[in-house]
Amino acid sequence: MEVPFALTFPYIFPDQILILSITARITNMNKQPNILIVDDDFPIAQLVKELVQSEGFEVQICLSGHSALSAIKNTSFDLILCDIMMPEMDGFEFCREVRSVTKVPIIFVTAKGETVDKVSGLTLGADDYITKPFDNYELIARIKGHLRRVTWDKTDDNPNRILAVQNLILDPIQHECHINGRPLNLAPKEFKLLLALMTNPQTPHSVQELFENVWEAPYDESGGNSVMVHMRRLRKKLASLDNTREYITTVWGVGYKMQL
């Protein structure tokens with residue numbers, strides 16, 4: 001049975017905070033790496049699948065970018081092998097969409113061997129680029145190399161890790177937040193504010209810092225008002241699901257931080 005995330009050991013329990021070093025949407029550490037193949041040419045995709053499976057990896061095939069994006073929402077993948085020349089959504093567009101939600105390694109495996117195509121793919125966020133026809137040993141070596149460099153289940157600074165403070169759980173990848181298992185519906189700016197606070201819960205965050213990080217604009221007086229208004233709404237929503245504690249506290253003269 002597939003699980004949406006896997007706990008990474010050891011747990012971190014600083015001052016009654018549980019910051020779950022959970023690798024968002026990454027396979028259980030005891031399982032073999034899970035590889036997604038995205039290629040509209042099924043015979044080629046099947047050959048690559050058999051090659052990758054021969055190394056003991058789990059493999060799933062998607063024949064379009066759209067179906068692959070749906071699969072990513074529901075399944076944990078450790079690496080993606082992607083063609084470029086696909087109908088409706090080509091590999092470049094697919095890569096751009098994937099990079100907006102996750103840093104999972106992407107290797108383009110394609111017949112497009114021009115330098116401009118390689119530069120475009122790598123610029124969009126792909127980690128590697130292999131042209132067809134390829135050497136089987138080289139493809140496997142590159143896959144293993146990227147998997148070795150990915151330390152999702154060991155690093156504590158993964159920006160996509162699931163965060164928890166008290167009874168509050170936040171998943172950056174799924175863009176979901178829960179209190180005591182109940183969903184908390186947040187506006188985009190409210191979600192980003194909460195994410196900023198929970199990423200470093202023991203550190204006070206200034207109003208200017210929050211505005212510049214969340215609104216991605218130079219700070220001014222109106223920016224301070226925007227932060228205060230959104231913070232007020234965020235606190236109200238948190239209290240609507242749990243009024244037994246204060247999740248966000250004001251540090252006078254400094255800014256805001258999570259209540260530990």
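Quick note: the coordinates plus some simple rules give every number you see, no bench work behind them. Fair warning: this is a prediction, and the values are worked out from it, not measured in the lab. For neighbour counting, all protein chains shown are included, and Cβ atoms are generated from backbone atoms with ideal geometry for every residue, glycine included.
Sort 44-53, 128-137, 102-111 for me by packing, meaning the mean count of neighbouring Cβ atoms within 10 Å per residue, highest on top. Provide the component values of the computation, followed by the final result.
Details: 44-53: 16.7, 128-137: 13.9, 102-111: 21.0.
Taking the mean over residues of other Cβ atoms within 10 Å, the ranking is 102-111, 44-53, 128-137.
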Taking every pair of alpha-carbon atoms in the range 184-258, what share in percent sits in each 5 Å bin, from 0 to the bin with the longest distance? 3, 17, 29, 28, 16, 5, 1, 0
How much length is gained if the chain between residue 182 and residue 50 is pulled fully straight, taking 0.36 nm per residue apart and subtracting their Cα-Cα distance, in nm to one decimal? 43.3 nm
In whole Å, what is the distance between the alpha-carbon centres of the range 199-216 and the range 86-104? 29 Å
Report, by chain and number, residues whose modeled amide H sits under 5 Å from the one on residue 161, excluding near sequence neighbours (fewer than 5 apart, same chain). 24
Hey, could you pull the Cα Rg and Dmax for the range 100-226, both in Å? 19.9, 59
Amide H neighbours of residue 106 under 5 Å, at least 5 residues apart or on other chains, H built in the peptide plane: list them. 80, 127, 128
Measure off 7 Å from each Cα along the Cα-to-Cβ vector at residue 148 and residue 244, then give the distance between these two points in nanometres to one decimal. 4.9 nm
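What number in nm² do you get for the range 27-149 if you take the convex hull of its Cα atoms and divide its surface by four?
Details: hull surface 27.7 nm².
Over every viewing direction, the Cα hull of the range 27-149 projects on average to 6.9 nm².
Which value, in debye to the nearest 20, gives the size of the charge dipole of the range 184-258 about its Cα centre, when Lys and Arg are +1 and Asp and Glu are -1 at the Cβ?
380 debye
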Convert each backbone phi in the range 61-68 into a coupling constant with the Karplus relation 6.51 cos²θ - 1.76 cosθ + 1.60 (shift: θ = phi - 60°), then list the ³J(HN,Hα) values in order as whole Hz, x for Gly and Pro. 10, 10, 8, 8, x, 5, 5, 5
Which whole-number value in Å³ per residue fits the convex hull of the alpha carbons of the range 88-142? 82 Å³
Built amide H within the under 5 Å cut-off of residue 257, gap 5+: 205, 249, 251
Under 15 Å from the residue 222 label point (7 Å along Cα→beta-carbon), backbone N, the range 170-191: none
